[in-house]
Amino acid sequence: MNEIDHATEAAWTALMTKSRVLLEAVESSLKSAGYPPLAWYDALLELEKAGPDGLRPFELKDRILLPQYGTSRLLDRMVKAGLVDRRNCSEDGRGQNISISEKGKSVRRAMWPIYERVLSERIGAKLKPKDAAQLAKLLSRL
């Protein structure tokens, strides 16, 4: 079995720690402002980008990286809140298409400034644009 070098281990630790800290900061800010969790924002954004036809639940699951059961529960809560609509899929009688509602678009737009503020404070204020671009480039190699 190969041992990893200390730099690789340090990179992993920093990546996981900072990722958790940043996600918690976004979640906390959204909650303090009275908005739903970040997963809702991510789902709404993907549905908005998909356009009026929306997405099948499995497509949304792949885009937001939640397990199937998590996506199903998330969609149930979002439908109940009036942020997304479900309709039967014309190509598959057992399937459904999920699309963002007008209320969902409004909520997503209202959530963005809070999300953006955290990103600006926690990343933009600490990294020069050149450094942020380099970080993104390095992470994309993983």
Checklist outcome for this item: Flagged as over-length at 30 Å C-alpha distance, from K105/K130; K103/K130; K31/K80; K49/K137, the pairs are K105/K130; K103/K130
Checklist entry - For the chain, with every protein chain kept in place, what is the accessible area per residue (1.4 Å probe, Å²)? => result 70 Å²
Checklist entry - Between L142 and F58, what is the label-to-label distance in nm when each label sits 7 Å out along the Cα-to-Cβ direction? => result 2.9 nm
Checklist outcome for this item: Under 5 Å from the placed amide H of Q96, counting only residues 5+ away or on other chains, we find C89
Checklist entry - Roughly how many debye, to the nearest 20, is the charge dipole of the range 1-49 about its Cα centre, given +1 on each Lys and Arg Cβ, -1 on each Asp and Glu Cβ, and no other charges? => result 240 debye
Checklist outcome for this item: Rounded to 0.05, the calculated FRET efficiency for the beta carbons of A125 and E3 at R₀ = 35 Å is 0.40
Checklist entry - Quick one: with all protein chains in place, what share of the accessible area of the chain is carbon or sulfur, to the nearest percent (1.4 Å probe)? => result 55 percent
Checklist outcome for this item: Quick calc: nm separation of the 7 Å Cα→Cβ label points for S32 and N88 -> 4.8 nm
Checklist entry - Under DSSP H, which helices of the chain have Cα atoms covering 24 Å or more of the helix axis and a Kyte-Doolittle average no less than -1.0? => result 6-32, 102-119
Item to check | Projected area, mean over directions - the chain, Cα convex hull, nm² | outcome: 11.6 nm²
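The values are calculated or read from the model by the stated rules, or taken from the named source; none is laboratory data. What you see is a predicted model; the values in this text were computed from it and never measured. Because the Cβ atoms are built from the backbone with ideal geometry, glycine has one as well, and the counts that use them run over all protein chains shown. Surface accessibility is based on the protein's heavy atoms, side chains included, excluding ligands, DNA and RNA. Shrake-Rupley method; radii C 1.70, N 1.55, O 1.52, S 1.80 Å.
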